[in-house]
Every structure is written in structure tokens, then in C-alpha cells.
Amino acid sequence: MSVATISVRDLNERVRAGERIDLIDVRTPAEFREVHVTIARNVPLETFDAGAVLSGHSGTNPLYVICRSGSRGKQACEKLQAAGCTHVVNVEGGTLAWDQAGFSVVRGRKTISLERQVRIAAGLLVLAGGLLGMFVHPYCAGLAAFVGAGLVFAGVTDTCGMAMVLARMPWNQVDASAGTCRTPA
């Protein structure tokens with residue numbers, strides 16, 4: 001089943017027209033805290049429960065999903081469709097496109113995006129594997145091969161295990177005692 005999409009411009013026009021918009025942002029809490037669409041609520045993909053999301057959603061209006069650029073949003077839409085949601089829409093270009101278009105966002109503390117964290121971690125692991133393979137034992141080069149195979153798998157399946165692990169790390173969580181990131185709609 002294909003996922004319906006909407007451009008940030010079309011979604012913003014609906015918001016400005018006063019339509020009731022239910023927009024969930026599936027990025028990590030830290031990414032959400034850094035910048036998010038004013039009307040979005042955070043439901044991180046790594047802890048995503050389609051049933052819980054649907055229980056709080058009126059079935060008459062579309063459920064819009066946004067992430068950084070569109071990939072995680074598409075995954076969440078597919079999970080929602082599998083759970084029986086027939087009117088789910090992925091926001092093309094994600095929060096990046098929304099922000100670049102100059103639409104209303106909430107800004108908070110800066111963070112390193114999950115995508116950059118994956119590139120940093122993968123690069124460090126490949127570098128370590130290569131150096132250990134050269135200077136310690138040739139079998140250590142297997143680390144670099146393992147990471148390379150994981151990156152190929154991530155590219156083919158559009159699912160990244162390293163991103164899922166990094167999303168659960170403490171620096172990607174938001175301390176609940178520090179206040180909420182949710183902005184009232």
C-alpha cells in the first residue's frame with residue numbers, strides 16, 4: 001500500500017485556513033526539542049505504538065506525519081496503515097522543508113541530528129576497524145566490513161539499526177523534569 005503525501009506548502013495552507021490538523025513528529029525527543037512545527041506533537045519512531053497513536057486520533061480527519069526529511073515519517077505511516085488507519089499522510093521534505101519555507105516553528109536547544117550521529121558513529125567504527133586491522137590483528141578489519149554491510153542493508157531496506165540504537169541513547173532523550181516539548185495546537 002502506498003503512502004499519501006502532502007507538501008509543506010499545502011499543509012501550511014490547511015493550517016492557515018483553520019482546518020483541524022493532527023500532526024505527529026516521529027523524530028527523537030532531542031531533535032523535536034531543537035526545532036519542530038508549532039502544531040506538532042512528538043511520538044518518537046523508536047517507541048512508536050500505532051495503536052496508542054490511533055486511540056488519541058479522531059478517525060474523521062487525516063493523521064499527518066512529519067520527521068526530519070520524510071523517511072522516518074514514511075515508516076510511521078506504514079505502521080499506521082498496518083494498524084488500520086486509512087487516512088494517514090506523510091509530509092514531504094519534513095521539518096527541514098517546513099523550516100526552510102519560513103513557516104512557524106518552535107526552536108529550542110541545538111542538537112546533533114540522528115542522521116549525523118549515524119554518520120559519525122559509522123565513520124568512527126570503520127576507522128577503528130581499519131586501524132586495528134592494520135596495527136593489531138587482521139581480523140579486526142571485520143569490524144569495518146560489518147559496518148559497511150550494515151550501511152548497505154540500511155540503504156536497501158531504508159531501515160537503520162544503528163539509528164534505532166542511537167535514538168535510544170541518553171543524549172537523544174529529553175528530561176521530563178526540564179519541561180515539555182509539546183506546544184499546544
Any strands (runs of 3 or more DSSP E) falling wholly within region 1-88 and containing at least 2 residues that are within 13 Å of the chain's Cα centre (by Cα): 22-25, 35-37, 63-66
Positions within region 34-82 being of a type in the set (A, V, I, L, M, F, W, C), in contact with an Asp or Glu (Cβ under 9 Å, 6 or more places away or on another chain) and over 28 Å from residue 100 (Cα atoms), in sequence order: none
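Okay, residues lined up against (1) surrounded by fewer than 17 Cβ atoms within 10 Å (Cβ to Cβ); (2) of a type in the set (A, V, I, L, M, F, W, C):
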| residue | (1), (2) |
| --- | --- |
| 65 | no, yes |
| 68 | no, no |
| 72 | no, no |
| 75 | no, no |
| 80 | no, yes |
| 83 | yes, yes |
| 89 | no, yes |
| 94 | no, no |
| 110 | yes, no |
Residues of region 112-124 satisfying the condition of being within 22 Å of residue 145 (Cβ to Cβ) and either crowded, with 18+ Cβ neighbours inside 10 Å or in contact with a helix residue (DSSP H, G or I) (Cβ under 8 Å, 6 or more places away or on another chain) (or both): 117, 118, 121, 122
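Any read-out appearing in this document is the output of simple, stated calculations on the displayed coordinates, not a laboratory observation. Source: prediction; values computed, not measured. Quick reminder, even Gly has a Cβ in these numbers, built from the backbone with ideal geometry, and neighbours come from all protein chains shown.
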